[in-house]
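Trainee: I have a structure I would like to understand better, so I am pasting it below and will then ask my questions one at a time.
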Amino acid sequence: MGKFVFELKLVFRQLGKSPGFTTTAVLMLAFGIGATTAIFSIVEGVLLRPLPFPEPDRLVTLGDRVSNTELGLYDSGPVTGPEVVIYPRDTHSFESLGGYGYESFELAGAVGSARISAARMTPSLFSALGVGPLMGRIFTAQEDQQKVQVAVLSYGTWKSRFNGDPHILGTKILLDRKPYIVIGVMPRNFEFPLYGGELYRCELWVPMSLSAQELAPEANGVWFLSLVGRLKPGITPAQAESDAQGVAQQIMRNFPPDEKNFRIRPAVYLLRQITVRNTRPMLQMLFLAVAVVLMIACANLAGLLLVRAIHRQREIAVRQALGAPTLTLLRQLMLESLVLSGAGGLAGIGVAGLALAIGKNHLPETLPLTGQIGLNWTVAAFALLLAILTGFFCGLAPGFVALRTNVNSSLKEGGRSGSVGGSHARLRSTLVVLEIAIALTLLAASGLLLRSFSNMSSADLGFRPDHVSTAFYALPQKQYTTQAQVDAFNNTLLLQLRQLPGVESAGLSSTIPTTGDGIESFTVEGYADPRGPDQTVAFHFSVIGNYFKAVGDPLIRGRYFEESDDANGQLVVIVNREFAEHYWPGQNPIGKQVHQGTSESGTPWMTVVGEVADAKLFTPDGKAVEQFYKPVAQLERDFGPLASPTDLNGNGNYIVLRSALPPEQMENALRATVRSIDVQLPLTQMQTMEQVVRESEAPRRFNTVVVSSFAFAAVILAVLGIYSVIAFSVASRVQEMAIRMALGSQRSDIVRLILMSGLKLAAIGCVLGLAVAAAASRVLRTFLFHVSPFDPVVMILAAIAVFALALVASIFPARRAASVDPVQALRGE
């Protein structure tokens, strides 16, 4: 132990004599390890760490795959109201199985009302998750069945909205202006449903309390809820799926006549698998990108250690001549590398903590489990292990190179410092070539993502987002109990909005572009879908007022909705281009007829009166999807026998306002207008349409920014690597340059000689990098929009950029070599 302490002191003394080298090495490693650790902490929190529930490997989702319609696009789709009762009752593979659905409420407070996200849940779901309340209790099955108005608060809501009141249990809160009794508060870390983003994070939970309409036979065609269960010990997801299949067959036999064409197949998946399915590719790509940066940092460290070992050849030769054992020298050299990497690792943990503190708020809203992201012992251990491995492998090659020193030759050379050995030069050059190749690969990936993002930003949205303000409101059913009250509010709101200064058009809609909406089945007159009658589905909008003009969705044929399209007028519908081209290719859709549901539904026919452009429904880079629009005033007649209080009747709408003024200036006017009609009604999601579009681009923007940042760092590190190699080469060839100039070489010849050395390395690295980039670009295929993963423009520009930076990195050492005074250099020799 004493010997080890002595050698450690010697290492610190040696490093202290070279503060520039030590600082450069530590900072370089701190950046590489810090960036890698920050990304690993995200990967660990989202992908690797178990879900925050007891025995999470037994938690699964149970959902329907509905024929081959868009409802079955997901691995585990939603379920209907009746299925929330039937599946838990008739399956035998679950200890507990419960349902939930997203909800939002108007929460009345001391300083006004706010719209909050919540969830309706069955009590059995709390049992399945295995988490009890911090205070109080959860609701019971009896309270759920009897529709008792009770609520369980999240810890964050209890603290932020109720000041952590210890006497909160038993108090009443107003949700949608109805009194609910608070019966419990969940623990700090409890979050369910597991979905990223403040917009969807539930603040409280209320009983599911399915209504008669949600349990009616007709509700079998409305998929809007989800099921999560805990498997019995020893039961696999495949066995549970087989068990649920028999129940699904019975459910289908009980479908009403107009829904007999639907076919459902249950799907059981681990809850973790479903939670992270959309984020796994993104995080894997980011981890790969940051690993590339770390590899370059390691190559630089190995290069620095190699240069240092070459400089210390004479010292090592003297120690060997005095009898120092080879293993002792190797141990000291490795210890020096490990000390550097250890210091870099500790500094890297600090860098990672700073990066997470700054960047955590900029993570995509769709990223789940963000509450689990942070520095912990696992992440710290990863950083230190990474540092040890880095130090070991980076110090291994330079250590052996130093020990291959020929003692006699080194001692005979005395003070001469000619060119270093060819093997040493080749090793350093190989490291630089690899750095350049790796940096070019990452730069090409960044270029592909940047070009893809540029293409998405300039894509045709199908509407004009400029000068458009949006906001959302939901009318509480307690206050607005009849359709007449809802219509009166909507009509008054539209009338007052149109009178605001600068307003050009105003409309209301059940959804807005890039936010998505539900799917409805329908029947087209004279059209038989070859896939089956249950396949004819499309996304639907319900609109009021001048929605199309407000959002800037241009009319292609026919007309927009008019005031005469009310409950007493002809039933009408507007379709988008994709819808018209699919069902009436090459024909004029005006005058064609469709109706809700399947051919057996018995709903009344609606006449197509207009065709509009394809407004992107989800993201700007998404494909056009079939859409149809209906006036809210005719909804009850559109649905015919299917109509029920659960159908959309205009209670919740987006306001869409186009004005000549900047949309940011319309916010106060919008709030004032709504409050003049209903002083308690809160507006949420108030933003410009351009902000809505930018939010839909957020995941792709995040990928692009992070990968581009890493690419920039990789290129800078590679440039530093080539600079250090050329600079050392110049320093070791001073006498050679002096002799060349003494024999008649011009300074320009010296500059050219040095530049050619650097450019040769850059050229080899670029060729290798292009080959690697072409092979690795396949990984990016799913992240690209209208860009080939082998795009020649991106590849060539990336190579030119790296080559140009290598040229710049070589200029300074070349000029230094050309400035050598031959007399002084040869006199020193």
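Trainee: For the stretch 355-378, what are the residues that are free of Cβ contacts under 8 Å to residues at least 12 places away in the same chain and closer than 29 Å to L304 by Cα?
Mentor: Answer for the stretch 355-378, where residues must be free of Cβ contacts under 8 Å to residues at least 12 places away in the same chain and closer than 29 Å to L304 by Cα: there is none.
Trainee: Given the criteria within 30 Å of T598 (Cα to Cα), open to solvent by less than 20 Å² (accessible area, probe 1.4 Å) and of a type in the set (S, T, N, Q), does S509 qualify? Lay out the reasoning, then the answer.
Mentor: On the way: within 30 Å of T598 (Cα to Cα): yes; open to solvent by less than 20 Å² (accessible area, probe 1.4 Å): yes; of a type in the set (S, T, N, Q): yes.
In short, yes.
Trainee: If you don't mind, there's one more thing I want to ask. For the stretch 144-155, give me the residue count where each residue is open to solvent by less than 40 Å² (accessible area, probe 1.4 Å) and charged (D, E, K, R).
Mentor: 1
Trainee: For E103, are the conditions met, namely being within 16 Å of S209 (Cβ to Cβ) and at pLDDT below 95?
Mentor: Considered against the rule, which asks whether it is within 16 Å of S209 (Cβ to Cβ) and at pLDDT below 95, E103 comes out as yes.
Trainee: Exactly one of these conditions fails for S810: (1) touching a Gly at 6+ places or on another chain (Cβ under 6 Å); (2) farther than 25 Å from R308 by Cβ; (3) of a type outside the set (V, I, T). Give me its number.
Mentor: (2)
For every residue, the table says whether it meets (1) open to solvent by less than 70 Å² (accessible area, probe 1.4 Å); (2) of a type in the set (V, I, T); (3) free of Cβ contacts under 8 Å to residues at least 40 places away in the same chain.
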{"site": "P133", "(1), (2), (3)": "yes, no, no"}
{"site": "Q142", "(1), (2), (3)": "no, no, yes"}
{"site": "T157", "(1), (2), (3)": "yes, yes, no"}
{"site": "G164", "(1), (2), (3)": "yes, no, yes"}
{"site": "I168", "(1), (2), (3)": "yes, yes, yes"}
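Trainee: Which one is most open to solvent (accessible area, probe 1.4 Å), of the residues in the stretch 228-254 that are touching a Pro at 6+ places or on another chain (Cβ under 8 Å) and under 15 Å from V85 (Cα atoms)? If you could, list the steps in order and put the result at the bottom.
Mentor: Within the stretch 228-254, the subset touching a Pro at 6+ places or on another chain (Cβ under 8 Å) is 229, 231, 241, 244-245, 247-248, 251, 254.
Still in the list and also under 15 Å from V85 (Cα atoms): 229, 244, 247-248, 251, 254.
Numbers: G229: 0, A244: 0, V247: 14, A248: 0, I251: 5, N254: 92 Å².
The extreme case among them is N254.
Trainee: Just to be sure before I move on: is G130 modelled with pLDDT of 90 or more, farther than 30 Å from L174 by Cβ and touching a Ser or Thr at 6+ places or on another chain (Cβ under 9 Å) in the structure I sent?
Mentor: When the stated conditions are applied, G130 passes them.
Trainee: Sort out which residues of the stretch 518-562 are in a loop (DSSP other than H, G, I, E, B), modelled with pLDDT of 85 or more and within 30 Å of V693 (Cβ to Cβ), and write them in order of number.
Mentor: Passing the criteria: N546, G552, D553, P554, R559, Y560, F561, E562.
Trainee: Quick one: which helices (runs of 4 or more DSSP H) lie wholly within the stretch 353-462 and hold at least 3 residues that are open to solvent by 70 Å² or more (accessible area, probe 1.4 Å) and modelled with pLDDT under 80?
Mentor: 407-413
Yes/no matrix, rows are residues, columns are (1) assigned to a helix (DSSP H, G or I); (2) acidic (D, E); (3) more than 23 Å from P193 (Cβ to Cβ):
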site: A25; (1), (2), (3): yes, no, yes
site: L29; (1), (2), (3): yes, no, yes
site: G34; (1), (2), (3): yes, no, yes
site: T37; (1), (2), (3): yes, no, yes
site: I42; (1), (2), (3): yes, no, no
site: L47; (1), (2), (3): yes, no, no
site: P52; (1), (2), (3): no, no, no
site: V60; (1), (2), (3): no, no, no
site: R65; (1), (2), (3): no, no, no
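Trainee: So for the stretch 715-727 (the condition being within 36 Å of the chain's Cα centre (by Cα) and farther than 22 Å from F21 by Cβ), does at least one residue qualify?
Mentor: Taking every residue of the stretch 715-727 in turn, at least one turns out to be within 36 Å of the chain's Cα centre (by Cα) and farther than 22 Å from F21 by Cβ.
Trainee: Something else about it: Has the stretch 722-738 got at least one residue that is at pLDDT 85 or above, open to solvent by less than 40 Å² (accessible area, probe 1.4 Å) and not small (G, A, S)? Walk me through it before giving the result.
Mentor: Our first condition is that a residue be at pLDDT 85 or above; within the stretch 722-738, this holds for none.
No: zero hits.
Trainee: Any idea which residue in the stretch 476-488 is nearest to F702 (Cα to Cα), counting only those that are surrounded by fewer than 21 Cβ atoms within 10 Å (Cβ to Cβ) and touching a residue at least 24 places away in the same chain (Cβ under 8 Å)?
Mentor: From the stretch 476-488, those surrounded by fewer than 21 Cβ atoms within 10 Å (Cβ to Cβ) are 476-479, 481-488; that's our starting set.
With touching a residue at least 24 places away in the same chain (Cβ under 8 Å) added as a condition, the list becomes 476-479, 483, 486-487.
On the way: P476: 37, Q477: 39, K478: 42, Q479: 42, Q483: 43, V486: 40, D487: 41 Å.
Checked the stretch 476-488; the qualifying residue nearest to F702 (Cα to Cα) is P476.
Trainee: Still on this structure, I have one more. Which pairs turn up if I take residues in the stretch 11-33 that are without any contact (Cβ under 8 Å) to a residue 40 or more places away in the chain and look for partners that are among the hydroxyl-bearing types (S, T, Y) and open to solvent by less than 50 Å² (accessible area, probe 1.4 Å) with beta carbon separation below 8 Å, at least 6 apart in sequence or on another chain?
Mentor: Pairs found: G16/T22.
Trainee: Just one of D749, D678 is without any contact (Cβ under 8 Å) to a residue 40 or more places away in the chain and farther than 28 Å from G34 by Cα; which is it?
Mentor: On the way: D678 fails: without any contact (Cβ under 8 Å) to a residue 40 or more places away in the chain.
Exactly one of D749, D678 is without any contact (Cβ under 8 Å) to a residue 40 or more places away in the chain and farther than 28 Å from G34 by Cα, namely D749.
Trainee: Any residue in the stretch 324-339 that is in contact with a strand residue (DSSP E or B) (Cβ under 8 Å, 6 or more places away or on another chain) and open to solvent by 10 Å² or more (accessible area, probe 1.4 Å)?
Mentor: No; the residues of the stretch 324-339 include none that is in contact with a strand residue (DSSP E or B) (Cβ under 8 Å, 6 or more places away or on another chain) and open to solvent by 10 Å² or more (accessible area, probe 1.4 Å).
Trainee: Given (1) in contact with a helix residue (DSSP H, G or I) (Cβ under 6 Å, 6 or more places away or on another chain); (2) modelled with pLDDT of 90 or more; (3) open to solvent by less than 30 Å² (accessible area, probe 1.4 Å), where does P682 come up short, assuming only one miss?
Mentor: Condition (1) is where P682 drops out.
Trainee: What are the residues in the stretch 754-769 that are open to solvent by 30 Å² or more (accessible area, probe 1.4 Å) and at pLDDT below 85, if any?
Mentor: S757 - this is the single residue of the stretch 754-769 that is open to solvent by 30 Å² or more (accessible area, probe 1.4 Å) and at pLDDT below 85.
Trainee: Looking only at residues that are at pLDDT below 85 and assigned to a helix (DSSP H, G or I) in the stretch 236-282, which one is nearest to the chain's Cα centre (by Cα)?
Mentor: Applying the filter and picking the extreme gives M282.
Trainee: If you check every pair at least six apart or on different chains, which have Cβ atoms under 7 Å apart with a residue in the stretch 299-315 that is farther than 18 Å from M28 by Cβ and open to solvent by 10 Å² or more (accessible area, probe 1.4 Å) first and a residue that is in a helix (DSSP H, G or I) and not acidic (D, E) second?
Mentor: Filtered contacts from the stretch 299-315: I310/H424; R312/A402; Q313/A402; Q313/S410; R314/S410.
Trainee: Continuing with this model, one more query. What is the one condition in (1) under 25 Å from the mean Cα position of the chain (by Cα); (2) β-branched (V, I, T); (3) part of a helix (DSSP H, G or I) that I750 does not satisfy?
Mentor: Evaluating I750 over (1) under 25 Å from the mean Cα position of the chain (by Cα); (2) β-branched (V, I, T); (3) part of a helix (DSSP H, G or I) leaves (1) as the failure.
Trainee: Taking the stretch 770-820 as the search range and keeping residues that are surrounded by fewer than 17 Cβ atoms within 10 Å (Cβ to Cβ) and not in a helix (DSSP H, G or I), which one is nearest to the chain's Cα centre (by Cα)?
Mentor: Here the residue is H786.
Trainee: Being of a type outside the set (K, R), assigned to a loop (DSSP other than H, G, I, E, B) and modelled with pLDDT of 90 or more is true for just one of G610, G602, G591. Which residue is that?
Mentor: Only one candidate qualifies: G591.
The values are calculated or read from the model by the stated rules, or taken from the named source; none is laboratory data. As the structure is a prediction and not an experimental result, all values here were calculated from the model. Glycine also receives a Cβ, built like all others from the backbone with ideal geometry; neighbour counts cover every protein chain displayed. Please note that ligands, DNA and RNA were not included when accessible areas were found on the heavy atoms of the full protein model with its side chains. Shrake-Rupley method; radii C 1.70, N 1.55, O 1.52, S 1.80 Å.
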